[in-house]
Every structure is written in structure tokens, then in C-alpha cells.
Amino acid sequence: MKIAMIGTGYVGLVSGVCFSDFGHDVVCVDKDPRKIEMLERGSVPIYEPGLDVLMHKNVEAGRLSFTLDLKSAIDGADAVFIAVGTPTRRGDGHADLTFVMAAAEEIAKAADHYIVVVTKSTVPVGTNAKVRDVVAKANPDLAFDVASNPEFLREGAAIDDFMKPDRVVVGVETERAAQVMADIYRPLYLRDFPIVTTDLESAEMIKYAANAFLAMKITFINEIASLCEKVGADVKSVSRGMGMDGRIGNKFLHAGPGYGGSCFPKDTKALARIGQEHASPISIVETVIKVNEDVKRRMIDKLTDLCGGSFNGKTVAVLGVTFKPNTDDMRDAPSLTIVPALVGGGAKVRAVDPQGKREGEHLLPGVTWMEDPYDAAEGADLLVILTEWNEFRALDLSRLASGMAHAALGDLRNIYTADAARAGGFTAYDSIGRAGFDS
């Protein structure tokens, strides 16, 4: 089948590359000449493990190409996927659908044969119905269907998520559209991966409900972690005991400095707004949003205490600024709240991140970027672990502590233990939901 993918951001590029690996003929379209030029050179504008290799493989096989020309991409296509950004709209928290609707209109004007217009972007309930109206108005003679096909890709594991999904969700209105989508996903169907075919509105809601629930699990364990600190419990033991319950599961029960990234912050805000607009407020999601911000601020208090009550004049080494490991994404990362508080408080901040420097240089002014954790920690008053990159999981704590002016460790990902920190020569240690020390 021939597929056109509108948008070469994270979702569009990963989806386009993976569809081409299914054997489909895929053309990825973008309006940014720099992106298309980069992709045609074989360079990947985002960091996702394995994506560059898979992209090169399918380009060389002739199944994957990139263009600025929407009309040529749509020519002969069976389906056109919309995978453009839906950022949070300023002022009301709703998803901004400007790019989605613009893409729908352009598709309609460029198409001259039956196509299925598929929304891959995360959009509020009712959006696909609006897409249908936009396409019909822009080209009344066009034969088409719309479909909702939300993505469930974890950054850092997106290729596996696409190729071995927990489920594929497809929302359609007609049997014809359902058949086109079934043909597209036939390689997964043949390997018995579940495909949930439903109506448009249910498909749209599944995406928001799933992400809100996961954000709620993260926020819940962060709240429990705060209580653990007060009562002397260990949150790692608590989360392990909870996760063994098959009704709960052990995923997303790792305490930390709050959730971030491209999905959870945006989607929880959008779902809360949808509830408000339909006079059916989702109070639990609204609380999750507030508590997540409180968690980030609580981390700042922890670090302040480790610095003796003030950041002024202190040198702080920060390990990790991306919202999670194995990605270069910094959208709504806890570092965007915590690091500015350090800088604003008068600290000299040195940051190390395997992939975060490119974005971080623009988003975190006043930070000195370094390549090596030991160099960053040399002469520092505080070492902070903000992202659990593998590179930071087996550091020589003795070497770190011996080079610091004041050997204090703020382990905001619970990578180490108080015993390990003390044995390594640290004189102060704090983490999330566990006992620390300050000698």
C-alpha cells in the first residue's frame, strides 16, 4: 500500500519509518526544508535508538522517501496520516488543532481519488468529526473516509512499541475505511497483536484516558513517597509490594521528580479541559496536574536543604536534563523547573546529559555544559541526578565524593542508596521516599 505521512516530527517519522519496514511505500512530508534536506542526507533530526539504522535500510530498499511536495506524496496514496503537533494552547489548556485542520484542508485540495485521512496526532474527542467536515468543505467532490489511529509510543523504545504493540487502536465510520486500516496493519495482525477497532470518539478517548491513568500512577507513587519520608517507610519496598498485585502492576510506580515529556503534561491538561467543556469535570486528573507541579517544587526544597539552606555561591553538578533517558526530548522535563531555580538562587550549574545539550543550551541559560560526570563534580558543593541514564547508574561514588568541595548527593531517581553513598564518602544524601542522611 502507499502511505503519505504528514509531519516528520517524533510520531510522524517513527511511524513512517516503521510502516515502510512493514513493506508499504511511504512518503514523509514536511514544510520545513531543513528537515527534508537533513532526512534526504540520511540524518535523523531526533534521537531515538535504532531509528537511523531502520530509516537507512528502507530508504535504500526504495520504500521510504521524503518531500516538501504534498500533492506528489498523496498521488496514488491509499491513506494519508496526519502526524503534526498539537501543543497545549495558551490560556485554556486545550490542544491547539491549528496544524491538524490546516493539514486536513491541504490534503483535501491536493487529493483527486478515494483516500482515508488518518489522524495520528493526539487530538481531543470530536476532532476527527471536524476533520471530516473540513475535508468535505474544501473538496466537496472528494470520496474519502476519516480514521483515528492514536499512537502509543514511548520515547526511547518507540520502534519496539510500534513493531510489538500492546494494542493498535483504530477508530472508523465505514467498512471501507476499516479494511484499508486492516491492510495497513496486516503484518501485526498476522503476528496476533491485538487491534481494537471502534468508533472515532472512543479511539480518541482511549488515548487520553490511557495517558491520564499512567500520569496518575506516577503522581500517586510520588505522593506516597512524600508520606514515606515522614513515617520512615521505603518507597521502593512499597512500590514493589504494590506492583506484585496483578490488579495494579509494577509499571509507572517509580518515584521521581515528577512526570514530563511530550505526552503526559499536554494530554492531562487537554483531558481536564474536555471534561470542563462538557460539564463533566475529571477532578482526579485536575489534581494530578497540580500535584505534579508540587512534586517538582518539593525537589527544589530537598536540594536547598542539601546546600545548607541556600544555593547562593554554590556549585551544583546536574546529571541529566531530558525528561527520561534514551531521548533528547526536554518538553516539560523536571529540569526545566529545577535547574532555573538553582541558577536563580545564585548557583553555578554544570550539566551533563548524553543527548540533552542541543535543546538544553537554549532552554537552560546560565548553565555550563560538560561531557564527563567526574569533571562536572570536581569542586562542586552538590551533585544532583535528574535523569536515570545508564551512564549514571554505575558511577564511582568514591571518586565523585573525593573531588567535591562538599560531598552532597541529591539522588532524585533513587539510583543509589544511603548506605552506598555513605560508603563512597558522601557526607549528605537525599532521595525520594527513602531515608537520607546529613553528617
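Of the residues making up region 417-432, those that are surrounded by fewer than 24 Cβ atoms within 10 Å (Cβ to Cβ) and closer than 20 Å to Lys230 by Cα are Thr417, Ala418, Asp419, Ala428, Asp430. Looking across Arg297, Arg331, one residue alone is in the same structural domain as Gly256 (by TED's automatic domain parsing), in contact (Cβ under 8 Å) with a residue 60 or more places away in the chain and of a type in the set (D, E, K, R). It is Arg331.
Looking at Ile218, is it in a helix (DSSP H, G or I) and either free of Cβ contacts under 8 Å to residues at least 12 places away in the same chain or out of contact with any Gly (no Cβ under 8 Å at 6 or more places or on another chain) (or both)?
Working: in a helix (DSSP H, G or I): yes; either free of Cβ contacts under 8 Å to residues at least 12 places away in the same chain or out of contact with any Gly (no Cβ under 8 Å at 6 or more places or on another chain) (or both): no.
For Ile218, the condition - in a helix (DSSP H, G or I) and either free of Cβ contacts under 8 Å to residues at least 12 places away in the same chain or out of contact with any Gly (no Cβ under 8 Å at 6 or more places or on another chain) (or both) - is not met.
Among the residues of region 123-134, some residue qualifies, meaning at least one is under 22 Å from the mean Cα position of the chain (by Cα), surrounded by fewer than 22 Cβ atoms within 10 Å (Cβ to Cβ) and not aliphatic (A, V, I, L, M). Return the residues of region 137-173 that are of a type in the set (Asp, Glu), surrounded by fewer than 21 Cβ atoms within 10 Å (Cβ to Cβ) and under 24 Å from Ala215 (Cα atoms); say none if nothing qualifies. Asp160, Asp161, Asp166 - these are the residues of region 137-173 that are of a type in the set (Asp, Glu), surrounded by fewer than 21 Cβ atoms within 10 Å (Cβ to Cβ) and under 24 Å from Ala215 (Cα atoms).
Looking at (1) under 29 Å from Asn292 (Cα atoms); (2) without any contact (Cβ under 8 Å) to a residue 60 or more places away in the chain, find the lone condition where Ala377 falls short. Every condition holds for Ala377 apart from (2). Taking region 251-357 and the helices (runs of 4 or more DSSP H) fully enclosed by it, the elements with 1 or more residues that are modelled with pLDDT under 95 and aliphatic (A, V, I, L, M) are at 264-277.
Among what's in region 77-96 and is modelled with pLDDT of 95 or more and farther than 16 Å from Gly9 by Cα, pick the residue that is surrounded by the most Cβ atoms within 10 Å (Cβ to Cβ).
Residues of region 77-96 modelled with pLDDT of 95 or more: 77-84.
Right, trim to farther than 16 Å from Gly9 by Cα and you get 77-79.
Working: Ala77: 22, Asp78: 18, Ala79: 24.
This residue is Ala79.
Matching residues to (1) β-branched (Val, Ile, Thr); (2) not in a loop (DSSP other than H, G, I, E, B):
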| site | (1), (2) |
| --- | --- |
| Ala129 | no, yes |
| Ala136 | no, yes |
| Leu142 | no, no |
| Val146 | yes, yes |
| Pro150 | no, no |
| Gly156 | no, no |
| Asp160 | no, yes |
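Looking at this structure, is Arg358 out of contact with any Asp or Glu (no Cβ under 6 Å at 6 or more places or on another chain) and buried (at least 18 other Cβ atoms within 10 Å of the Cβ)? For Arg358, the condition - out of contact with any Asp or Glu (no Cβ under 6 Å at 6 or more places or on another chain) and buried (at least 18 other Cβ atoms within 10 Å of the Cβ) - is not met. Of all the listed residues (Ala408, Ala377, Ala394), the sole one being over 24 Å from the mean Cα position of the chain (by Cα) and surrounded by fewer than 22 Cβ atoms within 10 Å (Cβ to Cβ) is Ala394.
The values are calculated or read from the model by the stated rules, or taken from the named source; none is laboratory data. Remember, predicted model here, so these are calculated numbers, not experimental data. Because the Cβ atoms are built from the backbone with ideal geometry, glycine has one as well, and the counts that use them run over all protein chains shown.
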